[in-house]
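Readers should treat all values here as calculations from the given coordinates under stated rules, not as data from a laboratory. Quick caveat: nothing in here was measured; it's all calculated off a predicted structure. We place every Cβ from the backbone using ideal geometry, glycine too, and count neighbours over all the protein chains shown.
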Amino acid sequence: MTILAARNLCVDSFGGNESFPVLSDLNFTLVPGMILGLVGESGAGKSMIGRTISQFLPSGFAVTKGTLEFAGEDLVAMASERRRNLLGRDIAFIPQEPLSGLNPVLTVGQQMREHLLRIGLAPGEHWRQRALAEFEAVHLPHGAALLGKYPHQLSGGMCQRILIAMAFASRPRLLIADEPTTALDVTIQARIVKLIAEMQKRDGTAVIFITHDLRLASQISDEIMVLYAGRPAERGPAKQLFSAPAHPYTRCLQLANPTISGERRGLYILPERMPGLRVLKDITGCRFASRCPNAVAACTEAEPPLAEIAPDHIAACIRTEKTPEIVPPPLAPARNVETAKNYLQGEKLTKAYTVAWSPFNRNPKFRAVNGVDFTLGEGEFVGIVGESGSGKSSLARLVVGLDTATEGRLTLAGRDITANGSSEKAYRRDHIQMVFQDPQSALNPRRQVGSIVTQANEASGLHASKRERMDRAAELLAEIGLPPDAAMRFPSQLSGGQKQRVNIARALCSVPRILVADEIVSGLDVSVQAQLLDLLLKLRDEHGFSMMFISHDLSVVRYLCDRVLVMYRGEVVESGATETVFANPQHPYTQSLLASVPPDDVQAEWSPVLTETGYQVE
Amino acid sequence: MKHLPLWLRSGRVQTGLVIIAILAVCAIFAPWIAPNDPNEQNLLSILTPPAWADGSDAMFPLGTDSLGRCILSRLIFGTRVALTVAFIASFGAMIIGAILAHIAGYFGGWVDWLIGRVVEIWLSFPPVILSLILMVGLGTGIRNVILAIVLVDWTRFCRVLRSEVLVLRRRDYVAAAQLVGFSHWRTITREILPGTLPLLITLMSLEMGVAVIVEAILSFVGMSVGADTPAWGQMIADARQNIYEAPLNLLCPVFAIFFAVFGFNILGDGLRRSLDTRLTQTERT
């Protein structure tokens with residue numbers, strides 16, 4: 001019996017007198033108990049599939065061809081009344097942002113009650129009993145206390161668990177999980193993914209698991225479909241697809257992601273970007289041809305059909321036999337950084353905040369950073385890893401001077417800069433710059449790129465002429481790999497990756513010796529992430545700056561950084577050379593962090609440590 | 001129409017600008033447009049009906065009031081007071097409110113606390129009473145009307161703008177500007193002000209409408225400009241006694257006030273829709 005079947009499904013977007021293909025020729029079937037992983041870069045149309053199933057398409061989008069059948073009924077042609085009855089009951093959703101999935105002004109109990117009454121309770125059953133039973137099933141402790149809480153009083157992981165409990169409360173036949181773990185920490189990601197798998201096994205639910213992480217998808221899915229520009233590039237059994245990808249795009253995606261174990265390798269850099277909706281119509285051949293390392297003239301002549309290359313394994317490529325020949329570039333030779341080991345040094349750095357005093361809390365200090373010792377050598381990349389709330393960003397703010405340490409000492413090239421007065425600020429400014437996390441917030445939307453990157457020249461006391469600034473902007477843009485005409489554009493006209501490049505260029509303008517980078521590649525596609533990581537390595541070769549690289553992504557840190565500090569609740573629990581720490585972690589926290597990352601080898605057992613430490617009701 | 005900036009393409013903005021332009025032309029060219037001297041009393045023809053009624057006088061298209069003054073001329077000259085007050089008072093209130101809002105929102109801490117409390121105390125006075133008290137203290141005259149409105153209404157700007165400054169203050173680009181060595185002044189003028197400007201312009205446009213109403217209230221109770229300067233509020237007050245014989249005398253200034261306030265409000269609404277960063281297309285993508 002099939003739960004969901006798509007046959008030649010096409011979704012188009014209409015703008016003006018034209019229509020643009022959003023999804024084309026989609027074919028898949030789901031049987032009970034099966035997990036289908038949907039993988040692709042942003043803009044590939046992954047989320048659009050979920051929205052097509054719920055018929056919750058943005059205005060101007062419509063299904064133009066094909067059928068989408070849920071248990072034998074066509075979801076597209078179905079009366080909306082009937083569809084509404086199915087949604088939330090037989091078809092459940094888990095959203096990407098757990099906090100926006102819950103109503104902030106209602107308690108968890110009120111929302112749970114509303115949902116349970118809608119899906120119907122067994123005769124004589126009280127909603128409260130049922131809610132507690134559902135919480136029990138997703139391992140949420142203190143269920144009774146939870147019912148009275150508002151979503152903002154809970155952590156992201158707990159909200160996501162509540163949403164999972166709600167989704168599975170009706171014993172749905174189909175579950176659509178749209179990047180359910182992207183907004184969460186690695187350790188919580190592992191727990192949530194394992195939980196979805198556990199619940200799915202219990203009820204025999206069919207799951208569509210949407211993610212951009214091929215490694216994660218291959219760990220939990222039975223079958224994977226890789227989407228490229230709205231069209232399936234490859235579909236096959238998860239383990240087989242991951243270990244022997246047939247489509248060059250799958251292979252490139254895999255190689256663009258740094259490894260977490262084994263030998264380090266270079267990253268495959270996919271050039272440019274996925275073609276946008278507007279240009280798709282003009283592409284006659286394979287949509288991936290312009291970025292494909294194996295493309296030949298025949299690729300641009302006709303759209304390659306989805307051909308079976310192994311049982312149940314199909315790929316839309318005419319040269320699948322060449323795919324294994326794509327190899328990552330060699331790793332840049334290891335640098336010996338023996339100069340000035342402690343260029344930047346922190347000793348017992350502490351940042352304490354005063355929190356509300358109460359009779360029960362007589363020492364109202366919260367230490368975001370608690371006695372941290374670290375050094376940063378010249379030209380050295382040091383990674384700082386840890387979950388959110390571990391004090392990574394607070395440490396970064398102390399180093400760049402956005403905050404002042406309450407205790408401890410910070411020295412830069414032998415000079416004490418702990419005090420953070422105006423002379424320390426001026427001294428620090430010439431040496432340390434910061435690259436911010438969110439390019440959306442870090443770039444002033446009302447400034448042109450040329451003006452943003454040369455902002456340092458505008459600071460008081462430096463009066464660079466317009467001509468000088470434009471020249472400097474052109475230089476910087478060339479360094480970070482943007483075309484010169486980008487100088488006249490506004491941030492809103494750039495893609496996420498381009499914005500992040502501008503963000504880096506601004507920090508580089510005054511030629512600092514140290515860069516502090518706070519989660520600068522999180523939230524970007526793997527291909528863009530690979531481009532940025534290699535850009536940073538290239539820039540280091542040219543300028544020789546050192547970097548404090550803050551990230552929750554351990555494999556990225558492993559690829560980029562010479563040394564690593566592991567932070568937990570404001571303290572450094574482990575530090576050392578990246579290779580050593582990752583190969584042989586000593587502290588249990590480091591071990592659990594590493595175990596949370598899906599392994600590179602798809603056959604290996606993924607056994608994240610499922611401790612419940614983060615789940616107390618606070 | 002393609003080359004017009006986005007905000008000018010809005011129908012609301014265009015409507016508002018046309019209304020304000022008509023009023024401005026009336027105000028600037030009043031002596032040439034008005035058929036009569038607005039203060040000339042013609043006691044032989046008091047309460048003349050308008051041109052379309054029986055017994056009208058061609059000299060007075062909208063008739064005369066109880067002292068035989070030309071209604072149309074008084075309306076046209078009244079525009080001068082209304083617009084002068086609207087523009088200067090809202091500009092003044094904006095300057096004071098915006099400066100304090102940026103200081104409070106940017107620096108935070110005790111400065112913010114102090115400014116916040118001052119605004120709260122200020123707002124606890126009923127605005128009309130406060131302006132009446134001010135007028136009693138300051139004496140009549142257009143300069144004092146403006147001063148009174150500025151002193152009453154700056155809080156409106158301060159409140160709304162401060163919260164916008166607080167939002168922008170937390171953006172990473174403000175932190176980035178500080179890290180490259182921007183002074184506070186430069187950070188506020190280059191990074192924050194461009195972000196608050198759309199809201200500021202919108203608020204100012206709405207404030208102009210409010211200023212027209214406050215001026216009308218003050219001149220209605222005779223606390224505004226002197227009796228020798230025609231103002232819309234005065235005309236309403238004058239027409240009260242003859243409301244049954246000559247209802248038009250009352251309706252004309254009421255309509256003039258409505259027209260002006262409508263113009264400013266629709267302009268403000270249009271500007272808000274097109275300038276507000278949370279709504280524009282470029283920001284969304």
Roughly how tilted is helix A:156-169, in degrees to the nearest 10 and between 0 and 90, from the longest Cα axis of chain A? 0
More than 24 Å apart: what percent of Cα pairs in region A:204-317 qualify? 28
Enter the angle in degrees (range 0 to 90, nearest 10) between the Cα long axis of helix A:466-480 and the first principal axis of the Cα atoms of chain A, meaning the one along which they spread out most. 60
Taking max minus min of the Cα coordinates of region A:479-557 on each principal axis, largest first, gives extents in Å of 34, 27, 17
If you place +1 on the Cβ of every Lys and Arg and -1 on the Cβ of every Asp and Glu, how big does the dipole about the Cα centre of region B:75-284 come out, in debye to the nearest 20? 620
State the Cα centre-to-centre distance between region A:407-473 and region A:238-266 in whole Å. 39
Please list, or write none, the lysines whose alpha carbon is within less than 20 Å of the alpha carbon of residue A:425, excluding same-chain residues fewer than 8 places away. A:351
Rg over Rh of region B:1-97, using C-alpha atoms and the Kirkwood radius, what does it come to? 1.16
Roughly what would the spin-label model give for residue A:448 and residue A:100, points 7 Å off Cα along C-beta, in nm? 3.2
Estimated D of chain B in µm² per second, where Rh is the Kirkwood radius over Cα pairs and Stokes-Einstein applies at 37 °C, 0.692 mPa s: 157
³J(HN,Hα) across region A:62-68 via Karplus (A = 6.51, B = -1.76, C = 1.60, θ = phi - 60°), whole Hz, x for Gly/Pro? 7, 6, 9, 8, x, 10, 9
Once the dipole of region B:75-284 is set up from charges on Cβ (+1 Lys and Arg, -1 Asp and Glu), the residue from the list B:201, B:168, B:182 lying farthest towards its positive end is B:182
Percent of C-alpha pairs per 5 Å bin, region A:83-223, short to long: 2, 10, 21, 24, 22, 13, 6, 2, 0, 0
Calculate, in nm to one decimal, what residue A:478 and residue A:79 gain on full extension: separation in residues at 0.36 nm each, minus their alpha carbon distance. 138.1 nm
The exposure ranking of B:221, A:435, fewest beta-carbon neighbours within 10 Å first, is B:221, A:435
Would you mind calculating the gained length between residue A:542 and residue A:342 on full extension (0.36 nm times residue separation, minus the Cα-Cα distance), in nm to one decimal? 69.9 nm
Sorted by chain and number, the residues with a modelled amide H under 5 Å from that of residue A:383, at a separation of 5 or more or across chains, are A:549, A:562, A:563, A:564, A:565
I'd like to know which of A:62, A:122, A:370 lies farthest towards the positive end of the charge dipole of chain A, counting +1 on Cβ of Lys and Arg and -1 on Cβ of Asp and Glu. A:370
Dipole magnitude of region A:344-584, debye to nearest 20 (Cβ charges: Lys/Arg +1, Asp/Glu -1, about Cα centre): 840
Chain A: angle of helix A:108-119 to the longest principal axis, Cα-based, in degrees nearest 10: 20
Final fewest-first order of A:422, B:45 on the 10 Å Cβ neighbour count is A:422, B:45
Additional length obtainable on full extension of the chain from residue A:422 to residue A:59, 0.36 nm per residue less Cα span: 125.3 nm
Quick query: amide H of residue A:301 versus all other amide H atoms, modeled in the peptide plane; which residues come in under 5 Å with a sequence gap of 5 or more or a different chain? A:286
Among all helices in chain B defined by DSSP H, which have a length of 15 Å or more along the axis from Cα atoms plus a Kyte-Doolittle mean of at least 1.0? B:11-28, B:71-107, B:127-138, B:142-169, B:193-220, B:247-275
List, in order, the whole-Hz ³J(HN,Hα) value for each residue of region A:568-582 obtained from phi through the Karplus relation with A = 6.51, B = -1.76, C = 1.60 and θ = phi - 60°; use x for Gly and Pro. 9, 6, x, 10, 7, 9, 7, 8, x, 4, 3, 4, 5, 4, 6
In nm², the average projected area of the convex hull spanned by the Cα atoms of region A:438-536 is 6.3
Hits in region A:188-205: amide N under 11 Å from the 7 Å Cα→Cβ extension of residue A:125, namely none
Towards the positive end of the charge dipole of the protein assembly as shown, with charges on Cβ (+1 Lys, Arg; -1 Asp, Glu), say which of A:594, B:151, A:37 has the farthest Cα. B:151
Given 20 °C, 1.002 mPa s and a Kirkwood radius over Cα pairs, the Stokes-Einstein diffusion coefficient of region A:344-584 in µm²/s is 114
Loop-only chymotrypsin sites (Phe, Trp or Tyr not before Pro) in region B:24-108, please: DSSP not H, G, I, E or B, and at most 14 other Cβ atoms within 10 Å. B:29, B:52
What aspartates and glutamates sit close enough to residue A:201 to cross-link, taking a C-alpha to C-alpha distance under 13 Å and skipping anything fewer than 8 places away on the same chain? A:222
Dipole magnitude (debye, nearest 20) for chain A, charges at Cβ of Lys, Arg, Asp, Glu: 1320
For region A:484-491, Karplus couplings with θ = phi - 60° (6.51, -1.76, 1.60), whole Hz, Gly/Pro x: x, 6, 5, 4, 8, 8, 9, x
Quick note on B:232, B:154, ordering by fewest other C-beta atoms within 10 Å, gives B:154, B:232
For residue A:489, distant residues with modelled amide H under 5 Å away: A:449, A:450
With N denoting the number of residues in the protein assembly as shown, provide Rg(C-alpha) divided by 2.2 N^0.38 Å, to two decimal places. 1.16
Check the straight Cα-Cα distances from residue A:281 and name the lysines below 26 Å, setting aside those fewer than 8 residues away within the same chain. A:46, A:65
